[in-house]
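The values are calculated or read from the model by the stated rules, or taken from the named source; none is laboratory data. Just so we're clear, the structure is a prediction, and the values are computed from it rather than from any experiment. Backbone-built Cβ (ideal geometry, glycine too); neighbour counts: all protein chains shown.
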Ligand code: MSP
């Protein structure tokens, strides 16, 4: 059985994840699931990059210890990976001891090669990149970082250096001799010309940093974050830790080692990392694949630009699988792509609700009505859909092998369109009146369902929650475990068809766009009551004056009625009594509180908040809750007080 190792970059924990971070992990998951279906032995790794000045500073700004901030952000990652159906085999954190041992082991090997020396290092430093820049690379008179556009600072310190320059020729050979080494080809050309431009030795320790791994054998030095972070790909497999069977299977003796990264971190993965490995005498990745960026309003999506789409909202409203589909369908892997709320909902309504959802429900409803709640009794092995299905599967597999996910999905949607056209031509809904449960109709409907079965099977890597539901809905039973199931003819005849359930409820575009964009404050509002964005974001502004605080009108209120907000698994609609008035307040607490249990309880609300619509319900205030690792725990007065009492 051939082995397939796929990794994502490990994510910084200075802030919460956004769409750009989840993208690489979703792509890796699609690859991992596809390879498992193809019968390969897969190991899929993701994790977090927790050391360095960036994290140290972000934590200090929030008055936290770095590890506290890391723990919070990591719990959000775990939650997101669950919501998005990510099937990783391991999640590595660079603060784990196993990782430190791996880093010590690679450093020992590099030292044995004679590739370290100590020297003074001076230059312009960007803490956000954790990188020194030359004067030439900086932007403008203010010497701004070319990547972040923020000021750099002058640093002068003793560092351990790695003889990167020694590996220039071997790196160039690698790019030249192995066309898979760095993909897409444009990126390979980019790193090649970077290396051809000359490589300077790389400083791989810092003396001005405490939050990191102590550099073995160099007291007072901390390992440079990129040497630390890159080693995760093998430390997670047990490298340098005795029990290294995974390392031997998936790295040293593995068939494919695929490393997916964003184009901004290509140099680290396609130059520094292979050079470290060469020095340590270890095998290189088989492929470093660099994807493009998600843009919004023409700018790279990023927290600092403030243009991040709201993941919570998208996942809650459309489901993790719809977001996965959008990400894979919209971006040509390797190029940049644009996100917009309008674009998202158009794809959702047209591809998922209409093309996939309606085709399934139309076929299932007809079969149930005509064939007594079952799949049709007569299969069909000679019809115009068969060659189309065969060609679809060929195109799909070819695209999946080339990481051209968009093409793979397009091929499947062509088959769906053909199946629909086939039905429209044969009009089973009309013919049933004359023919009843005829053999001809049985063949027509069976063919339609069989085409959908093939599409749903091929969608298993993309939509791991919905595709199995489609298969069950059309009577195909449990999801298959191999790609053989893509061959024509697998749908059972006369199998019971369960009651139809809506797969992708249509969503009104205008209403959604208003809801998603209007109350930006809603993030905090829902966040305070249990959203995941609260713990880190709300601490960003540090000190306020007492007057500023009193601008917020906090009051005690009694909950008179509570009910779930339709289609939301997080929101409750509360009717609260403020003494002289009654209000509706929407709170993101449904995962922790049953509505009935709240009636009669006193809570604290923000009474002077601008009203905002959440999932179509106007909220006239916000309920306060402690955020206990993402679980909202309501605040109550310690003894009953009149409704409307102010909280100060
Ligand atoms: N910690 C380093 C990686 C170390 S790997 C040994 C890091 N972390 S990161 O959190 O800043 O970024 C992780 C990944 O997210 C990168 O691959 C980056 O390209 C990706 N993205 C961040 N913003 C992005 C977009 N707007 N669009 C697509 N991906 C982008 O770098």
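Yes or no: the stretch 327-334 includes at least one residue that is part of a helix (DSSP H, G or I) and over 14 Å from the mean Cα position of the chain (by Cα).
Our first condition is that a residue be part of a helix (DSSP H, G or I); within the stretch 327-334, this holds for 327-330.
Narrowing further to those that are over 14 Å from the mean Cα position of the chain (by Cα): 329-330.
Scanning the stretch 327-334, I find at least one residue that is part of a helix (DSSP H, G or I) and over 14 Å from the mean Cα position of the chain (by Cα), so the answer is yes.
Consider only pairs whose beta carbons are under 8 Å apart and that are at least six residues apart or on different chains; among these, list those whose first residue lies in the stretch 3-24 and is without any contact (Cβ under 8 Å) to a residue 24 or more places away in the chain and within 30 Å of residue 255 (Cα to Cα) and whose second residue is within 7 Å of the ligand (Cβ to nearest atom) and part of a strand (DSSP E or B).
Partner pairs satisfying both residue conditions: 21/11.
Residues are listed down the side, and each one gets a yes or a no for (1) exposed (fewer than 15 other Cβ atoms within 10 Å of the Cβ); (2) more than 27 Å from the chain's Cα centre (by Cα):
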{"residue": "402", "(1), (2)": "yes, no"}
{"residue": "413", "(1), (2)": "no, no"}
{"residue": "417", "(1), (2)": "yes, yes"}
{"residue": "426", "(1), (2)": "no, yes"}
{"residue": "457", "(1), (2)": "no, no"}
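Matching residues to (1) without any contact (Cβ under 8 Å) to a residue 40 or more places away in the chain; (2) away from the ligand (no atom under 16 Å from the Cβ); (3) farther than 25 Å from residue 505 by Cα:
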{"position": "331", "(1), (2), (3)": "no, no, no"}
{"position": "340", "(1), (2), (3)": "no, no, no"}
{"position": "368", "(1), (2), (3)": "no, yes, no"}
{"position": "387", "(1), (2), (3)": "yes, yes, yes"}
{"position": "408", "(1), (2), (3)": "no, yes, no"}
{"position": "417", "(1), (2), (3)": "no, yes, no"}
{"position": "420", "(1), (2), (3)": "no, yes, no"}
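Yes or no: residue 280 within 11 Å of the ligand (Cβ to nearest atom) and crowded, with 18+ Cβ neighbours inside 10 Å?
Values: within 11 Å of the ligand (Cβ to nearest atom): no; crowded, with 18+ Cβ neighbours inside 10 Å: yes.
No.
Taking strands (runs of 3 or more DSSP E) that do not extend beyond the stretch 19-130, which have at least 2 residues that are within 13 Å of the ligand (Cβ to nearest atom) and at pLDDT 95 or above?
On the way: elements: 41-49, 90-93, 116-126.
Strands (runs of 3 or more DSSP E) meeting the threshold: 41-49, 90-93.
Quick check on my filter: what residues within the stretch 574-588 are within 15 Å of residue 617 (Cα to Cα) and part of a loop (DSSP other than H, G, I, E, B)? Walk me through it before giving the result.
Here is the first cut: in the stretch 574-588, the ones within 15 Å of residue 617 (Cα to Cα) are 574-576, 583-588.
588, the sole residue that qualifies.
What are the residues in the stretch 149-168 that are closer than 15 Å to residue 273 by Cα and surrounded by fewer than 16 Cβ atoms within 10 Å (Cβ to Cβ), if any?
So the first thing to find is which residues in the stretch 149-168 are closer than 15 Å to residue 273 by Cα, and the list is 161-168.
Passing the criteria: only 165.
Any residue at all in the stretch 8-17 that is more than 21 Å from residue 463 (Cα to Cα), assigned to a loop (DSSP other than H, G, I, E, B), away from the ligand (no atom under 13 Å from the Cβ) and modelled with pLDDT of 95 or more?
no
Among the listed residues 475, 531, which satisfies the condition of being touching a strand residue (DSSP E or B) at 6+ places or on another chain (Cβ under 9 Å), at pLDDT 95 or above, surrounded by 23 or more Cβ atoms within 10 Å (Cβ to Cβ) and not in a helix (DSSP H, G or I)? First the steps, then the outcome.
On the way: 531 fails: at pLDDT 95 or above.
Within the list 475, 531, the selection yields 475.
Based on what the data block shows, is residue 302 at pLDDT below 95 and either part of a loop (DSSP other than H, G, I, E, B) or more than 14 Å from the chain's Cα centre (by Cα) (or both)?
In short, yes.
Is one or more of the residues making up the stretch 55-68 within 19 Å of the chain's Cα centre (by Cα), free of Cβ contacts under 8 Å to residues at least 60 places away in the same chain and crowded, with 20+ Cβ neighbours inside 10 Å? If you could, list the steps in order and put the result at the bottom.
At the first step, the residues of the stretch 55-68 found to be within 19 Å of the chain's Cα centre (by Cα) are none.
Scanning the stretch 55-68, I find no residue that is within 19 Å of the chain's Cα centre (by Cα), free of Cβ contacts under 8 Å to residues at least 60 places away in the same chain and crowded, with 20+ Cβ neighbours inside 10 Å, so the answer is no.
Residue 263 versus (1) crowded, with 19+ Cβ neighbours inside 10 Å; (2) under 22 Å from the mean Cα position of the chain (by Cα): which is the lone unmet condition?
That leaves (1) as the condition not met.
Counting only residues that are near the ligand (Cβ under 7 Å from one of its atoms) and touching a strand residue (DSSP E or B) at 6+ places or on another chain (Cβ under 7 Å), which one in the stretch 253-267 is farthest from residue 229 (Cα to Cα)?
Initially, the stretch 253-267 is screened for residues near the ligand (Cβ under 7 Å from one of its atoms), giving 261-265.
Still in the running and touching a strand residue (DSSP E or B) at 6+ places or on another chain (Cβ under 7 Å): 261-263.
On the way: 261: 13, 262: 15, 263: 17 Å.
Among those that are near the ligand (Cβ under 7 Å from one of its atoms) and touching a strand residue (DSSP E or B) at 6+ places or on another chain (Cβ under 7 Å), it is 263.
Hey, any hits in the stretch 314-327 for a residue that's within 12 Å of the ligand (Cβ to nearest atom) and either buried (at least 20 other Cβ atoms within 10 Å of the Cβ) or modelled with pLDDT of 95 or more (or both)? Walk me through it before giving the result.
Taking the stretch 314-327 first, the residues within 12 Å of the ligand (Cβ to nearest atom) are 327.
Okay, now just the ones that are also either buried (at least 20 other Cβ atoms within 10 Å of the Cβ) or modelled with pLDDT of 95 or more (or both), so 327.
Yes, the stretch 314-327 has at least one match.
Quick one: in the stretch 554-573, of everything that is touching a strand residue (DSSP E or B) at 6+ places or on another chain (Cβ under 7 Å) and part of a loop (DSSP other than H, G, I, E, B), which residue is surrounded by the most Cβ atoms within 10 Å (Cβ to Cβ)?
Taking the stretch 554-573 first, the residues touching a strand residue (DSSP E or B) at 6+ places or on another chain (Cβ under 7 Å) are 554-565, 571-573.
Still in the running and part of a loop (DSSP other than H, G, I, E, B): 565, 571.
Working: 565: 19, 571: 24.
Of everything passing the filter in the stretch 554-573, 571 is surrounded by the most Cβ atoms within 10 Å (Cβ to Cβ).
Hey, can you tell me all the residues within the stretch 574-597 that are under 35 Å from the mean Cα position of the chain (by Cα), under 22 Å from residue 646 (Cα atoms) and buried (at least 22 other Cβ atoms within 10 Å of the Cβ)?
Those that are under 35 Å from the mean Cα position of the chain (by Cα), under 22 Å from residue 646 (Cα atoms) and buried (at least 22 other Cβ atoms within 10 Å of the Cβ): 574, 585, 586, 587.
Of everything in the stretch 598-632, what is under 30 Å from residue 68 (Cα atoms), without any contact (Cβ under 8 Å) to a residue 40 or more places away in the chain and over 32 Å from the mean Cα position of the chain (by Cα)? Give them in sequence order. Break it down stepwise before answering.
The first filter runs over the stretch 598-632 and keeps only residues under 30 Å from residue 68 (Cα atoms), leaving 603-606, 622-632.
Among the residues that remain, those that are also without any contact (Cβ under 8 Å) to a residue 40 or more places away in the chain are: 626, 628.
Once the filter is applied, which keeps residues that are under 30 Å from residue 68 (Cα atoms), without any contact (Cβ under 8 Å) to a residue 40 or more places away in the chain and over 32 Å from the mean Cα position of the chain (by Cα), the stretch 598-632 yields nothing.
Name the one entry in 309, 285 that is part of a loop (DSSP other than H, G, I, E, B), under 30 Å from residue 201 (Cβ atoms) and within 16 Å of the ligand (Cβ to nearest atom). First the steps, then the outcome.
Values: 309 fails: under 30 Å from residue 201 (Cβ atoms).
Criteria check complete, one pass: 285.
Can you tell me which of 218, 196, 185, 245 is within 26 Å of the chain's Cα centre (by Cα), surrounded by fewer than 22 Cβ atoms within 10 Å (Cβ to Cβ) and away from the ligand (no atom under 16 Å from the Cβ)?
Values: 218 fails: within 26 Å of the chain's Cα centre (by Cα); 196 fails: within 26 Å of the chain's Cα centre (by Cα); 245 fails: within 26 Å of the chain's Cα centre (by Cα).
The match here is 185.
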